[in-house]
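Structure, as structure tokens:
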Amino acid sequence: MKKRRIHNLSELKESRKQLRNNTTSAEAVLWRALKQSQLKGRKFRRQHSIGNYVVDFYCPSEKLAIELDGVYHYTDEGTKRDQKKAAFLDSLGIRVIRIENVEVFDNIEFVLETIRQCFDRNE
């Protein structure tokens, strides 16, 4: 039986590219701290798709998705979509942490420590 591919599906390539090219300022700030395996040697991907969903950041070795939340996420529609996405990722054994955009700007060290603590649980 052939295993179905779920990461970075070709049909979402343009969507991922568009998201990377139109990154939010919070994503840009966090990406500067995560890229090139700067955080405890862990490799992160940005705008990585899993199934039909695109996560802001994904660390394959930790099976960790990081989602940054702006105002859209606090609408009824946004909350429902986030819950559905989280349930799907959870079913694959992928842990999701949500971080408010304002936290990235106001306290990046706290955000990075929160992410590091997720690694410590797996070590």
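With all protein chains present, how much of the accessible area of the chain (probe radius 1.4 Å) comes from carbon and sulfur, to the nearest whole percent? Write out the running numbers ahead of the final one.
Working: 3760 of 7750 Å².
Carbon with sulfur: 49 percent of the solvent-accessible area.
Accessible surface comparison of 7, 48, probe 1.4 Å, protein chains only, largest first: the order is 7, 48. Expressed to the nearest 5 percent, the antiparallel share of DSSP beta bridges inside the chain is 60 percent.
Take the Cα gyration tensor of the chain, multiply each eigenvalue by 5, square-root it, and list the three semi-axes largest first, rounded to whole angstrom.
21, 18, 15
When the GluC sites (Glu not before Pro) in region 1-67 are filtered for DSSP coil states and for at most 13 other beta-carbon atoms within 10 Å of their beta-carbon, no site remains. Between residue 87 and residue 109, how high is the FRET efficiency from 1/(1 + (r/R0)^6) when r is the Cβ-Cβ distance and R₀ = 25 Å? Nearest 0.05. Working from the Cβ atoms, E equals 0.25. Taking the charge dipole of the chain about its Cα centre, with +1 at Lys and Arg Cβ atoms and -1 at Asp and Glu Cβ atoms, the residue from 92, 9, 65 reaching farthest to the positive side is 9. What region 1-112 shows is 63 Å² of accessible area per residue, with the surface traced by a 1.4 Å probe over protein heavy atoms.
The values are calculated or read from the model by the stated rules, or taken from the named source; none is laboratory data. These numbers come from a predicted model, not from an experiment. As a convention, Cβ positions derive from the backbone with ideal geometry for all residues, glycine included, and neighbour counts pool all protein chains shown. Just the protein is used for accessible areas: all its heavy atoms, side chains included, with ligands, DNA and RNA removed. Shrake-Rupley method; radii C 1.70, N 1.55, O 1.52, S 1.80 Å.
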